[in-house]
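Notes for the one structure printed next.
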Amino acid sequence: MMPSEATRLIRESLGNRYDPREKSAITEWLMEDLTGLSRIDRLIRETPLSTEQLGKLQQYVEKLGADMPVQYITGYAWFRGEKFRVNEKVLIPRPETEELVNWALDFIHPGMIVTDIGTGSGCIPVSIKKECADVQVFAVDISQEALSLAQENARLFNTEINWIQLNILQASSVEPLPVSDIIISNPPYIPLRDIDSMERHVTEHEPHLALFVPDEDALVFYKAILKVAEEKLRRGGQIFFETHHALAKTVAALSSWPAEIRCDVFGKERMVRIERPL
């Protein structure tokens, strides 16, 4: 089979589940992963796929048929221009989280302590440590499987992170957290009742632990983190939250401390900064 035929097969496997632009992007991503060549290089020197590549292609097609996201198929996701390892135990990093990190970096200075709560793949703490080598970074998650993958990413980028496994919702378990200058988090916030309206490639493959909260309290993680911040955030310190666009104002109003809301590149209110008064 030639690469051009493989390209058509992948595109057909995607069916009508994605719009044309997404379909083209996913197809190109998988073809580059399959061949190790860019689209231009494949056109210049089109050679038949090897037996090994054909086997890999078959796996792609089967996984696409099961609505598996391309990031889990290839085992990596792009975040701030870098490849981070991902699997189905962690949430796929999103562009909005890149914006949250960029905002937080404006407030991070040498000597600070930064804590990421709900670290998942570790893309937030690793990115911060890469940019600011002179800060001490802690990363927290309830899932040991998530922390194991995050540690792989830290080693991949040669960054030193302090890892803590705990349940942020259990007040008795948060004692190991450091007193920090910056707390940053992209916590779960989707009510379980919304699961039926979401796309299958999300609900069937991304970890529900990192996505969903009880219907009766979509803000449970924000409340818990704010409670922790009363003890574990220095005066003058900052909290950076990623939120659903419909929740930003509500999250900002949870605290009596001054808050700022920022929109993402699409104009949606997706980030909240809360500052503890001096």
Per-selection Kirkwood Rh - region 158-278 (Cα, Å, 1 d.p.) = 15.6 Å
Residue-wise, which Karplus ³J(HN,Hα) couplings in Hz belong to region 245-252, taking 6.51 cos²θ - 1.76 cosθ + 1.60, θ = phi - 60°, and x for glycine or proline?
-> 4, 7, 10, 4, 5, 5, 5, 4
Computed over the Cα atoms of region 1-147, what is the ratio Rg over Rh, Rh following Kirkwood?
-> 1.07
Report, in deg cm²/dmol and to the nearest 500, the calculated mean residue ellipticity at 222 nm for the chain, where each DSSP H run with n ≥ 4 adds -39500 (n - 2.57) and the sum is divided by the residue count.
-> -11500 deg cm²/dmol
Length released on extending from N162 to I261, taking residue separation times 0.36 nm less the Cα-Cα span = 32.7 nm
Over all directions, what mean area does the Cα convex hull of the chain project, stated in square nanometres?
-> 15.6 nm²
DSSP-loop chymotrypsin sites (Phe, Trp or Tyr not before Pro) across region 132-216, with at most 11 other Cβ within 10 angstrom | none
Name the residues whose placed amide hydrogens come within less than 5 Å of the amide hydrogen of I168, ignoring near sequence neighbours (fewer than 5 apart) on the same chain.
-> none
Residues whose placed amide H lies under 5 Å from that of M112, excluding near-sequence neighbours = Q136
Dividing the Cα radius of gyration by the Kirkwood radius, what Rg/Rh value follows for region 3-65?
-> 0.95
Taking the dipole about the Cα centre of region 90-275, with the C-beta of Lys and Arg at +1 and of Asp and Glu at -1, give me whichever of V179, T97, H245 is farthest to the positive side.
-> V179
Just add up the charged neighbours of L192: K/R +1, D/E -1, any other residue whose Cβ is under 12 Å from the Cβ of L192.
-> -4
What FRET efficiency, computed as 1/(1 + (r/R0)^6) with R0 = 51 Å and r the Cβ-Cβ distance, is obtained for S172 and E46, rounded to the nearest 0.05?
-> 0.25
Taking GluC sites (Glu not before Pro) in a DSSP loop with at most 15 other Cβ atoms within 10 angstrom as exposed, one finds the longest site-free stretch of the chain at 89-159
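Readers should treat all values here as calculations from the given coordinates under stated rules, not as data from a laboratory. Bear in mind that the values here come from a model prediction, so they are computed numbers and not experimental data. With ideal geometry, Cβ positions are generated from the backbone for all residues, glycine too; neighbour counts draw on all protein chains shown.
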